[in-house]
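Okay, structure first, notes after.
The values are calculated or read from the model by the stated rules, or taken from the named source; none is laboratory data. Computed from a predicted structure; not experimentally measured. A quick note on method: Cβ atoms are made from the backbone with ideal geometry, for glycine too, and the neighbour counts reach across all protein chains shown. Surface accessibility is based on the protein's heavy atoms, side chains included, excluding ligands, DNA and RNA. Shrake-Rupley method; radii C 1.70, N 1.55, O 1.52, S 1.80 Å.
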Amino acid sequence: PGLSAEEMRIDAANSDVEAARKAFWPSLSVEGAATSTNSDPVTFRVEQPLWTGGEISQQIGAAEAAVEVQQARVSEASLALAQDVTAAYFEVLRLREKIQVARGNESDHERYLEVISRRVEAQITPQSDLVQVKTRYRQAVREVMANEQQLESKLAELEQLVRRSVVDLAKAERITFA
């Protein structure tokens, strides 16, 4: 939305340039008044500036400068949008990787919980170890859920920025600097 608004402001500034340039052209005006007699006086007037002391040229210059300012604002808004999209994109990729790691962690804790549960049943390991392992397992499950919620939120932000559905994102290729 910000980029579209800035582009519309360029169009408005270009219109101001055209209006300023038209000040060099002659202007035509018509005046008339109704009277009780049959003759209606009508006055036609044509005006052409002969010398304005550079005022018209200054107005044109100011209008052209305003166009350049608006073009710079569009470039700035475009760059800000690109930065926001890039940041959101890499955050989505980072969160996907984080979720994979968290799921692996959850799976490891689940297996460990099964082992400790069997050891507690066999009375090899104290009950306190089982409580601790269950707590860590639940923490791993919550971590996966929290990361998935963050991913959904970041995907929604990315879709809002690019104004289209983001279903499958390609992984960024590794960039090397020489």
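Data overview
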item	result
Longest exposed-site-free window of the chain, the sites being chymotrypsin sites (Phe, Trp or Tyr not before Pro) in a DSSP loop that have at most 12 other C-beta atoms within 10 Å	52-176
1.4 Å probe accessible area per residue over the chain, in Å²	75 Å²
Stretch in the chain that is longest and holds no trypsin sites (Lys or Arg not before Pro) that DSSP places in a loop and that have at most 16 other beta carbons within 10 Å	1-162
Solvent-accessible area of S128 with every protein chain in place, 1.4 Å probe, in Å² to the nearest 10	80 Å²
Whichever lysines have a C-alpha closer than 21 Å to that of K98, once near sequence neighbours (fewer than 8 apart) are set aside	K154, K171
Mean separation of Cα contacts under 8 Å (6+ apart) over length of segment 68-178, as relative contact order %	36 percent
Cα-Cα separations in the chain greater than 19 Å, expressed as whole percent	77 percent
Angle between the chain longest axis and helix 2-21 axis [Cα atoms, degrees, rounded to 10]	10 degrees
Rounded tilt (10° steps) of 127-162 against the dominant C-alpha axis of the chain	20 degrees
In Å, descending, principal axis extents of the Cα set of segment 83-163	59, 14, 14
Alpha carbon convex hull of segment 118-178, volume per residue in cubic angstrom	179 Å³
Charge sum, other residues only, whose C-beta stays under 13 Å from I116's C-beta, Lys/Arg counted +1 and Asp/Glu -1	0
Between segment 116-178 and segment 39-109, the Cα center-to-center distance that results, in Å	39 Å
MRE, 222 nm, helices only [DSSP H, n ≥ 4, -39500 (n - 2.57), over the chain, to nearest 500]	-25500 deg cm²/dmol
